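The values are calculated or read from the model by the stated rules, or taken from the named source; none is laboratory data. Computed from a predicted structure; not experimentally measured. No Cβ is skipped: glycine too gets one built from the backbone with ideal geometry, and neighbour counts run over all protein chains shown.
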């Protein structure tokens, strides 16, 4: 797509969108793997946020987005999972882990993506992408959107650095409770608002219709 846009229009996709005025409205851009330095400066100029999907990018062989450079330029970068077809487990803890180790690895800098940076990408930066100043952090007056994580497991010890634990050690299965706007939706293995068995059954039937 990137090379095709250059061949057809003589400019990158980011330049094409800017020329047509799409960035005059609130916009976020997913992936941005092939952005040039000029592209990044255009995104920064128009306050375009970027949603980084590291697992999807690796599964599809898309490449590595220049996330450290985006952050250096002051671009708001959030974390996403992309769709189930290109990610499978939609695990935000896995996305945090990959977002850190991938960029530390190819830049040869073990601290370029610190745990606190990655955790912000998974929380408050995502709220910013959505234009949601009412969530993303735990503060008085904001919505009570909370995830509780079990720290009482071998892979979560020692619990000296909670941010590092969440980024490098925690798994989705460690989540014991999720709360949205003060309402508990999941707790201790039980989905309070969903009929899990009914959903599983309907899903299996849908898949069978697709393949037969």
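Below, the figures for the structure above:
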item: Residues of the range 173-199 that turn out to be part of a helix (DSSP H, G or I) and either in contact with a helix residue (DSSP H, G or I) (Cβ under 9 Å, 6 or more places away or on another chain) or surrounded by 11 or more Cβ atoms within 10 Å (Cβ to Cβ) (or both), as a count; result: 3
item: Residue check, residue 138 surrounded by fewer than 16 Cβ atoms within 10 Å (Cβ to Cβ) and at negative phi; result: yes
item: Residues of the range 86-110 classified as farther than 12 Å from residue 167 by Cβ, in contact (Cβ under 8 Å) with a residue 12 or more places away in the chain and either under 10 Å from the mean Cα position of the chain (by Cα) or assigned to a helix (DSSP H, G or I) (or both), total; result: 6
item: Residue among 144, 170, 127 that alone is under 28 Å from residue 27 (Cα atoms) and either in a loop (DSSP other than H, G, I, E, B) or modelled with pLDDT under 95 (or both); result: 144
item: Number of positions in the range 150-167 that are touching a helix residue (DSSP H, G or I) at 6+ places or on another chain (Cβ under 7 Å) and in a helix (DSSP H, G or I); result: 6
